[in-house]
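Have a look at the structure below, then the notes.
The values are calculated or read from the model by the stated rules, or taken from the named source; none is laboratory data. What you are looking at is a predicted structure, and each value in this text was computed from that prediction instead of being measured. Methodologically, a virtual Cβ is constructed for each residue, glycine included, from the backbone with ideal geometry; neighbour enumeration extends over all protein chains shown. Areas reflect the complete protein model, heavy atoms only, side chains present, ligands, DNA and RNA absent. Shrake-Rupley method; radii C 1.70, N 1.55, O 1.52, S 1.80 Å.
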Amino acid sequence: MRNPVLLHKTASQVQQELEACIGCNECLLACPALDEPLTIDVLNRETFGGPISAPVARFARSCYQCGACVPPCPVGLHRDAMMMWLKIRLYRSGEED
Amino acid sequence: MPALRSSSPYDYAADREWAGTRGYPLFFAYLKPRNLLRIGLGLLIAVAGLVFCIWYSRNGSDPTPDSLVGLIYAVLGTAFLLLAGLLYSLHRRSRKSKKVIGGLRSALGWHMFFGLTGLALIFYHSFGNFNPRSGTYALYGLIALVISGIIGRSLDRIMPRLIAKEASKALTQDGEDRIEAISQQLQAIVEHNTQRVRGLTSSSASSAVSAAPERVRSAGRGRTLHGPWDLAYLTLEETPQELSRYEQSYRLVPDRKSPLSRPGALLPGAQEQMAALQAVEHAMRREQFYRYVIRYWRIFHILLALVTAGLVIWHLEYAASLVIPTLFH
């Protein structure tokens, strides 16, 4: 089991990872927190900026950062860090309200 | 994704305007129809088992763990617990299951369903009889295991939210590294003050030079050009040190009443930046701690499952030593 590390990434790093995503869905298939059908392009589009739809918000809140999405990624991306960015955005929006 | 290829990495101002789903509550639950079905089925089995257990305890001929009814409860409970333990583990490892989005989440739901229902059935199996040590310990182990699972599930909900809170502190509003931003600000303050101190030094030095009386130069000139030939000769003229004591000069060290005497006065804003830096470091440490909690609680749950499995096997061996001779007779 790999050691826990600080997983939050900066906006520019998240942007780079999102741009590198090939949309193969492997991370979503390996996720034990995702409870409803969701496509990777919707998730990628809403992760970085703009409005967050209800299914993506539910998924972001349900994600418990287990890291199961990282090993299956064929291009070595960190979906958990992207989900953390989504969580931060949701958290900040709640703080503003 | 054209929106991602903008020159600015993250438009925070635009993000504030969105009208989508907002907020991240500390406690939340999403009850889907599938989850409700599992909860309903689990409650039905648990309540039906409890009603029958109470009825059989009052009206039955042999309300004991090793009676036929008690053994049925035991077999059902053990089967449920085995399913709880194996189903999710096998599902996670099988390649076929990963071809369905949400398949693993469904398996996790059944894992919780079988674990909770199995514990209830094993509890009914005891019929309130806690005399055998092995069975009691196995039951305690199962209770601890289920409680650790419930706590773990709660931690899985709460901890990521706390991590998001701490990570939010470690990032600027634009999503960049706050430590780097603070370091740059500190560097700017240091550079600004260095220039200021240099300015003060050069201005004081130049003013001192301009304010110095002509006699200093003449004394200097006299000292260097016309040194005494007699070593016992003591000049009555003022030495340069004595001259500098009397002359008017600017002091770089302020007096106590001056606002410049306060700590950090020469580096305005540096204390605040250092405090912000420490706050970010604390936030990152807390983030790491929360991640450790999630991870090690999972390991604790697995270890507890192994210990409980050992206790159950011990109890099964004890039960077999009682049941098998009865069957042969």
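Couple of notes before you dig in:
- For the range A:11-96, size of Cβ-based charge dipole, Lys and Arg +1, Asp and Glu -1, in debye: 160 debye
- Separation of the range A:18-97 and the range B:69-121, taken as the distance between their Cα centroids, equals 27 angstrom.
- The range B:62-77 - phi-based ³J(HN,Hα) in whole Hz, Karplus 6.51/-1.76/1.60, Gly and Pro as x: 9, x, 10, x, 9, 6, 4, 5, x, 5, 5, 4, 5, 5, 4, x
- Taking A:GLY23, A:GLY50, A:GLY76 in turn, the Gaussian network model of chain A (Cα-Cα springs below 10 Å) assigns the largest fluctuation to A:GLY50.
- Cα gyration tensor, chain A - rounded (a/c under 1.5), prolate or oblate: rounded
- At most 14 other Cβ within 10 Å, DSSP loop - chymotrypsin sites (Phe, Trp or Tyr not before Pro), the range B:77-169: B:PHE130
- The residues packed around B:ILE324, meaning those with a beta-carbon under 12 Å from its beta-carbon, carry a net charge of -2 if Lys and Arg are +1 and Asp and Glu are -1.
- Rounded accessible area per residue of the range A:11-96, 1.4 Å, Å²: 31 Å²
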